[in-house]
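Reviewing the structure listed below.
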Amino acid sequence: MNNANLSLIETLSRDAAIAAQTLAVLDEQTKNIVLQDMATSLRASTAEILAANQQDLSHAEQNNLGSAMLDRLLLTPERIEGMAQGIETIVSLPDPVGITRDLSERPNGIKIRKMRIPLGVVCMIYEARPNVTADAGALCFKSGNAVVLRGGKEALQSSLVIAKVLQDVLQKHKLPKALITVIPDPDRGLMMELMQQRAYIDVIIPRGGEGLINFVTDNSKIPVIQHFKGVCHLYVDKDADLDNAMALLLNGKTQRTGVCNALEGLIVHQDVAEAFLLKAAVELASHKVKINACSRAAKYFTGCTVLDDSEFGQEYLDLEIAIRIVDDFDQAIDHIRAFGSHHTEVISTKNDATAMRFQRTVDASVVMVNASSRFSDGGELGLGAEIGIATSKLHAYGPMGLESLTAEKYLVNGTGQVRS
């Protein structure tokens, strides 16, 4: 097709696919040198990034964006430093591309292996999360993928500046800047066109609110790895250390509310409900947390909203939580099964058998024992950064790091065997 006949989206997608081919021959040492340079350049560009972010914040405040969205949008020197450190952790991790594993040797002498390969071109569609631009750019580069980034209008200026920093490093090392591409116009019509580019894009990863995820899933002609909402629960077991459980509750709910690994639900075994909830009422009130509770739990809280069974499962992304008392472990599991979002679930217990049963039974991408839900994060789990937290199971589940951005192909070696 003549270049003059390509639209902006087709051109950018095609250029990304062509650029991805250059990574096939790039060795790990060269990748790491480029990534370290990216981390250094991000630090050096802090003032420029913050100035662009302030434009986005001012626009967001004028449009009355909610506190959760503003928190995700906000960049600080510390958050930019965190982005740079995340890239440096990626540098320290082994490159998964090209790793092989032996499977078997068939009776006829054919030897079968599998080798990790890049996905190709990854498209990220996200909302007010400018850090995704750096995280996704670095993760995709190390794992041998080009990335096309379509951020929301809320974070456009921040994302463009961050992308330019990374692209300048690519060009400095004589690599195509199309390896990290940002769609410069947030128009939804262009996003619709982007989701049709199956000739060039191999997978789409949407990251944002429920509406965005559903829209992409319903309209994309390209395979979608869903990063759905985070309705995360803490279950306080009858054998819990209640002081530890309180620490998990407060950290998970109040440390940062506008993120997908914040707690949205608290489930308490009836045997410890009175002892725990009397203290929880005081602590949560001191943090100005709004309480929604089942009728059994409501008596421990002043001015709470009483929920029917069908009203649980909300992602508040604010100082707000839903609380339920359950009869036993099985009822807690039933509640999580009904209202969880396959993101992160936590149990507080001193009983090892109960902890193991919880981890085996609960269907979530991250299942924790006596640890805060806030650790459900690629950086905290040693991935350096994450491209998101997959809540579907195709082909990754949980925080997606380098290995999750690769697939495997079969390598079959013979000595002339033919099939009879």
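The values are calculated or read from the model by the stated rules, or taken from the named source; none is laboratory data. Quantities reported herein were computed from a predicted structural model and do not represent experimental measurements. Note that we place each Cβ from the backbone using ideal geometry, even for glycine, and neighbour counts take in every protein chain shown. We work out accessible area using only protein heavy atoms, side chains counted, and drop any ligands, DNA or RNA first. Shrake-Rupley method; radii C 1.70, N 1.55, O 1.52, S 1.80 Å.
Per the Kirkwood formula applied to alpha carbons, the range 174-306 shows a radius of gyration over Rh ratio, Rg over Rh, of 1.18. Ordering A245, Q54, Q197 by the projection of their Cα atoms onto the charge dipole of the chain, which places +1 on the Cβ of Lys and Arg and -1 on the Cβ of Asp and Glu, puts Q197 at the extreme positive end.
Here the accessible area of the chain is 49 percent carbon and sulfur, with a 1.4 angstrom probe and all protein chains present. With θ taken as phi - 60° and the Karplus curve 6.51 cos²θ - 1.76 cosθ + 1.60 applied, the whole-hertz 3J(HN,Hα) list for the range 275-283 is 4, 7, 6, 4, 6, 4, 4, 5, 5 Hz, x standing for glycine and proline.
Coupling constants for the range 412-420 follow from the phi torsions by the Karplus curve (6.51 cos²θ - 1.76 cosθ + 1.60, θ = phi - 60°), and in residue order they are 10, 10, x, 10, x, 4, 10, 8, 8 Hz; glycine and proline get x. Summing Cβ point charges (Lys, Arg +1; Asp, Glu -1) relative to the Cα centre of the range 224-269 gives a dipole of roughly 280 debye. At an R0 of 41 angstrom, the distance between the Cβ atoms of R79 and V412 translates into a FRET efficiency of 0.30.
Note on the range 265-420: percent of Cα-Cα distances in each 5 Å bin, starting at 0 and stopping at the bin with the largest distance, equals 2, 8, 14, 17, 17, 13, 9, 6, 4, 3, 2, 2, 2, 1, 1, 0. Its residues counted as N, the range 215-287 yields a C-alpha radius of gyration over 2.2 N^0.38 Å of 1.48.
Residue separation of I33 and E61 scaled by 0.36 nm, minus their Cα-Cα distance, works out to 6.2 nm of gained length. In this structure, the residue pairs whose Cα-Cα separation is over 25 Å, taken from K114/K172; K114/K393; K142/K393; K229/K290; K153/K288, are K114/K172; K153/K288.
Summing charges over all other residues whose Cβ lies under 9 Å from the Cβ of R113, with Lys and Arg as +1 and Asp and Glu as -1, gives +2.
Take the Cβ atoms of I18 and M115, set R0 to 22 Å, and the FRET efficiency comes out at 0.45. Just report the Cα centroid separation between the range 57-87 and the range 201-221, whole Å. So the two Cα centres are separated by 22 Å. Accessible area of E210 (1.4 Å probe, protein heavy atoms only, ligands and nucleic acids ignored): about 80 Å².
Once C-alpha pairs closer than 8 Å and six or more residues apart are averaged by separation and normalised to the residue number of the range 27-164, the relative contact order reads 30 percent. Tally Lys and Arg at +1 and Asp and Glu at -1 over the other residues with C-beta under 13 Å from the C-beta of K350: what net charge comes out? Charge balance near K350 sits at -4.
For the chain, the convex hull drawn through the C-alpha positions has a volume of 183 cubic angstrom per residue.
Taking each residue as 0.36 nm, the span from R188 to R419 lengthens on full extension beyond its C-alpha to C-alpha distance by 77.9 nm. With an 8 Å cut-off on Cα pairs and a minimum separation of 6 or more residues, tell me the relative contact order of the chain in percent. So the answer I get is 19 percent.
Simple point charges give the picture: +1 on the Cβ of Lys and Arg, -1 on the Cβ of Asp and Glu, and for the chain a dipole about the Cα centre of about 1320 debye. Near A136, once Lys and Arg are set to +1 and Asp and Glu to -1 for all other residues with Cβ below 12 Å from its Cβ, the sum equals +2.
Around the amide H of G120, modelled in the peptide plane, lie the amide H atoms of A146, all under 5 Å away and 5 or more residues distant in sequence or on another chain. For the chain, adding -39500 (n - 2.57) for each run of n ≥ 4 DSSP H residues and dividing by the number of residues yields -12500 deg cm²/dmol at 222 nm.
Could you run the Debye sum over the Cα atoms of the range 17-94, one equal point scatterer each and no solvent, and tell me log10 of I(q)/I(0) at q = 0.16, 0.20, 0.25 Å⁻¹, two decimals? With no solvent term, the Cα-only Debye profile gives -0.75, -0.90, -1.07. Separation of the range 139-185 and the range 358-420 by C-alpha centroid, Å? If you average the Cα positions of each part, the centres end up 24 Å apart.
Derived value for the range 163-239: Kirkwood hydrodynamic radius 15.3 Å. Basis is the mean of 1/r over every pair of different alpha-carbon atoms.
Accessible area per residue of the range 111-176 at 1.4 Å probe, in Å²?
27 Å²
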